[in-house]
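What follows is a single structure, written as structure tokens, with notes after it.
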């Protein structure tokens, strides 16, 4: 058989494929058959139906097997369990929404004959995709925030006004309902709307979304409680935007005929176009992307320089969005104080911000820690603020603010090693190794290179070199941005060095060196609470050995004098041996 097939130029696999196709054709010719669109495959929720409805290429489970189709929306389904046929007219409104009408199951007849029995007022059913899990889409209501009135059929609740606020994710909207004392049936409530699907029929626009109760997040809500259908219409002019919205009373699209007639109706009016209030200055947004000192967060200015997006580089945190609201104070290209509207998730409010332009491509952001509903309250807050140091990816080396050669008399690593030695006995080699590993340096050269833009920490077995990128002083404390020369390019590590000078009373009384340079390095930000020489990731106390030039001359003289000293010592030794 194989030899015959080879002689005909075909393989056994070819024969099997052709036989399978012939059998399939014979079955379809005998029993009929059709397939549903590939995009319908999955699990679907339908109000009132127990469980989920599963659809594959040939079956709608609980309805039947696809037997015949016409015009891409009419399907004749065969129900084997009851040996009967039903017509389903299915319309795909959105890839996540199917709507259909159907007949009762009846004996075998043509598709046209059975489908004719569907009347115009037959029930319309809606199915919403559950699996594969749908991706939410941007809500059609913008620009938020809005104030809104609402009605449940007992009159409009307008005073106090309710509020709709944007979330960081454009597919979510936070609805804050207020209770109106003069309108029965109204109550204070907070709901979160997640938008899933929108479509248009003529001039009518539809939305399907899921609603969750923010104040009762731990409660278990069924799909019947969360799926809702909306009809909406927007109107706008140059100054404002309004939306009339009608919401269904259950997890269907039934009972909706216009945007002013539904189980609940709302009228949204944008209350504040934040983007038209103010813009971040050019000296900040000349670099659209900034990074925190430790490169864990990115600060991205967008939307015509009015919006700042803060995101975790590894995506582990939800994005925070700040929109410039009003500028309170500014100094040309150096300082600005402003109020911003902040949104993180669906939490929002106003915060006070100030930006300081430091030397080099370095900014400092001072931010309030509290969110305020009213913009006027944000900068009136005298509570806690914290500093955030921002840098660009294109830092330029600059002259170091501290110049000279120093001896390190005390360090944080040295103090830690001494504490360890109180409990751990180690030999001389072990102590030396610990010194190198811990970076327990003995001397430092600050700004002594040719370009005066480097700092070197040295020990007998290791040297670490930092490049200076910018500095400033504040309240008697100096701040220096520097990064080690040898570091992984995929994860640069930049430090803020904080330093002060002070008098050592003990050494001054003994006539010794009275000036101590205290220095600390922190990787996170230029903190105002770190005590130089005592706290931080690294901390050193140093005494001066003179300027770079003085120390160089001394070292050069010592190097020239060393051979002569050795010769004199040798001659003296020979003289002693000759006696």
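Could you tell me whether region 284-304 includes any residue that is without any contact (Cβ under 8 Å) to a residue 24 or more places away in the chain, part of a strand (DSSP E or B) and over 32 Å from the mean Cα position of the chain (by Cα)? Scanning region 284-304, I find no residue that is without any contact (Cβ under 8 Å) to a residue 24 or more places away in the chain, part of a strand (DSSP E or B) and over 32 Å from the mean Cα position of the chain (by Cα), so the answer is no. Checking 135, 116 one by one, the residue that is within 29 Å of residue 236 (Cβ to Cβ), free of Cβ contacts under 8 Å to residues at least 24 places away in the same chain and surrounded by fewer than 19 Cβ atoms within 10 Å (Cβ to Cβ) is 135 and no other. Of all residues in region 514-534, those that are surrounded by fewer than 22 Cβ atoms within 10 Å (Cβ to Cβ), in contact (Cβ under 8 Å) with a residue 24 or more places away in the chain and over 17 Å from residue 442 (Cα atoms) total 8. Scanning region 305-322 for residues that are surrounded by 15 or more Cβ atoms within 10 Å (Cβ to Cβ) and either outside any loop (DSSP other than H, G, I, E, B) or not assigned by TED's automatic domain parsing to the domain that holds residue 361 (or both) returns 307, 308, 309, 310, 311, 320, 321, 322. Residue 127 passes every criterion in (1) surrounded by 14 or more Cβ atoms within 10 Å (Cβ to Cβ); (2) modelled with pLDDT under 95; (3) closer than 27 Å to residue 41 by Cβ apart from (2). Checking 51, 33, 42, 9 one by one, the residue that is over 14 Å from residue 125 (Cβ atoms) and modelled with pLDDT of 95 or more is 42 and no other. Total residues in region 378-394 satisfying the condition of being surrounded by 19 or more Cβ atoms within 10 Å (Cβ to Cβ) and over 22 Å from residue 538 (Cα atoms): the figure is 2.
Condition first: buried (at least 20 other Cβ atoms within 10 Å of the Cβ) and over 18 Å from residue 197 (Cα atoms). Now tell me which residues in region 167-183 satisfy that. Step through it out loud before you land on a result.
Of all residues in region 167-183, those buried (at least 20 other Cβ atoms within 10 Å of the Cβ) come to 167, 172-175, 180.
Across region 167-183, the qualifying residues are 175, 180.
Screening residue 501 with (1) part of a loop (DSSP other than H, G, I, E, B); (2) at pLDDT 55 or above; (3) surrounded by fewer than 17 Cβ atoms within 10 Å (Cβ to Cβ) gives one miss only, at (1). Within region 359-366, can one find any residue that is free of Cβ contacts under 8 Å to residues at least 40 places away in the same chain, within 30 Å of residue 158 (Cβ to Cβ) and surrounded by fewer than 20 Cβ atoms within 10 Å (Cβ to Cβ)? The answer is no, given that none of the residues of region 359-366 is free of Cβ contacts under 8 Å to residues at least 40 places away in the same chain, within 30 Å of residue 158 (Cβ to Cβ) and surrounded by fewer than 20 Cβ atoms within 10 Å (Cβ to Cβ). In region 214-222, is there at least one residue being in a strand (DSSP E or B) and without any contact (Cβ under 8 Å) to a residue 40 or more places away in the chain? No, region 214-222 contains no residue that is in a strand (DSSP E or B) and without any contact (Cβ under 8 Å) to a residue 40 or more places away in the chain.
A quick yes/no check of all residues on (1) in contact (Cβ under 8 Å) with a residue 24 or more places away in the chain; (2) on the phi > 0 side of the Ramachandran plot:
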position: 39; (1), (2): yes, no
position: 43; (1), (2): yes, no
position: 46; (1), (2): yes, no
position: 52; (1), (2): yes, no
position: 62; (1), (2): no, yes
position: 69; (1), (2): yes, no
position: 73; (1), (2): no, no
position: 95; (1), (2): yes, no
position: 102; (1), (2): yes, no
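Just one of the numbered conditions (1) touching a residue at least 40 places away in the same chain (Cβ under 8 Å); (2) outside any strand (DSSP E or B) is not true of residue 197: (2).
The values are calculated or read from the model by the stated rules, or taken from the named source; none is laboratory data. Quantities reported herein were computed from a predicted structural model and do not represent experimental measurements. When we count neighbours, we look across all protein chains shown, and the Cβ atoms used for this are built from the backbone with ideal geometry, even at glycine.
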